[in-house]
1. Determine, yes or no, whether A:Ile14 is surrounded by fewer than 18 Cβ atoms within 10 Å (Cβ to Cβ) and within 12 Å of chain B (Cβ to nearest Cβ).
2. Looking at A:Lys7, is it without any contact (Cβ under 8 Å) to a residue 12 or more places away in the chain, assigned to a loop (DSSP other than H, G, I, E, B) and on the phi < 0 side of the Ramachandran plot?
3. When the residues of region B:95-114 are filtered to those that are surrounded by 22 or more Cβ atoms within 10 Å (Cβ to Cβ), at the interface with another protein chain (Cβ under 8 Å from one of its Cβ atoms) and small (Gly, Ala, Ser), which remaining residue is farthest from A:Val2 (Cα to Cα)?
4. Could you grab me the full set of residues in region B:79-94 that are within 14 Å of chain A (Cβ to nearest Cβ) and of a type in the set (S, T, N, Q)?
5. Collect the residues in region B:79-94 that are free of Cβ contacts under 8 Å to residues at least 40 places away in the same chain, in contact with a helix residue (DSSP H, G or I) (Cβ under 8 Å, 6 or more places away or on another chain) and surrounded by fewer than 24 Cβ atoms within 10 Å (Cβ to Cβ), keeping them in residue-number order.
6. Does region A:87-97 contain at least one residue that is among the hydroxyl-bearing types (Ser, Thr, Tyr), part of a helix (DSSP H, G or I) and either away from chain B (no Cβ under 14 Å) or closer than 30 Å to B:Gly119 by Cα (or both)?
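The values are calculated or read from the model by the stated rules, or taken from the named source; none is laboratory data. Only a predicted model underlies this, so the values are computations on that prediction, with no experimental measurement involved. Backbone-built Cβ (ideal geometry, glycine too); neighbour counts: all protein chains shown.
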Amino acid sequence: MVSKRLKLRVWDGIPIAIGIIIAWAPLFLLTGDGEKVGIVCAGEIIAETPLSRDTTIAFESCVGPIRIEVSDGYVSVVEASCPHKICVKTGKISRPGSAIICAPGRVAVFIEGETENDAITR
Amino acid sequence: MQSQDRNKRVAVLAILIALGAVLWALEEFIPRPIPWLKPGLANIATVIAIVVLGPWDGLPVAIGRVILGALILGRIGSAAFLMSISGAVVSAAVMGVLWRIKAPLSIYGISVSGALAHGLSQLGVAVLLVYTPFVLRFFLPLVSLPAIATGLLVGLLSVALIKRFPGNFIYGN
């Protein structure tokens, strides 16, 4: 009985396959309740969209049109009418808790979700 | 004859617990890239106990070696100890059940299953202790992929050792 089980068998692929499946499971299980992108202008919620879905949101900010793009899990302001374009220069954000602010346009773009800890000390 | 058999069992069990504890403690000194990645060589003792003594003898070996190992390293009762003991017990139970029901797996497959069960139960305890299910996203692949490799390694070493056991030493053979 023991001697038969000393050599690798085809069935041994099953635990190996289960291991590989478990490794990939979080990609399928945990993306649904992932981060959301919130956009606020002058205190009003303009839009709320999942970070995982690519979209473009354009609306009128306090100083003129603004265009926000969600693609590949990143959010960025691609066009704005403010004088210094700080919001555009902020670039792409992806981490929960981070935000893009356009002060003249009174626009805030932020990512909602479970915030990662930078570090834990004990 | 009966008591002689029992004595032999007890002796083998004790040797395996000692072997497991020493391997477990020595493993702490192997440099490793990521702190929680251990080859799990101590599981060799559990695998051998299951194969040589019987499906349920992996449990005392697992519990014994973790307690003994923790005493050597002075970390009994710590979070790491809780993770170690849960991992060792769950993996011994999984491997024992697979051995008992005569799953069509070789020692390699059983060892991989044990390594996976070990890693996953440790992760489960870690999540319960710090309560951040969020970490699962990063840790599941980091736990289960190396578990396959270490499971195969432990399987290889266990097979090499079991082959060297005298035939009459193996129960139920």
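1. So A:Ile14 fits the description; yes.
2. Yes; evaluated as a whole, the condition is true for this residue.
3. Within region B:95-114, the match that is farthest from A:Val2 (Cα to Cα) is B:Ser113.
4. Within region B:79-94, just B:Ser91 meets the criteria.
5. Hits for region B:79-94 are B:Phe81, B:Ile85, B:Ser86, B:Val89, B:Val90, B:Ala93, B:Val94.
6. The answer is yes; a qualifying residue exists.
For every residue, the table says whether it meets (1) surrounded by 13 or more Cβ atoms within 10 Å (Cβ to Cβ); (2) at pLDDT 90 or above.
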residue: A:Arg9; (1), (2): yes, no
residue: A:Leu29; (1), (2): no, no
residue: A:Cys82; (1), (2): yes, no
residue: A:Ala108; (1), (2): yes, yes
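Table: residues versus (1) among the small types (Gly, Ala, Ser); (2) modelled with pLDDT of 90 or more.
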position	(1), (2)
B:Arg65	no, yes
B:Ile76	no, no
B:Ile110	no, yes
B:Leu142	no, no
B:Gly155	yes, yes
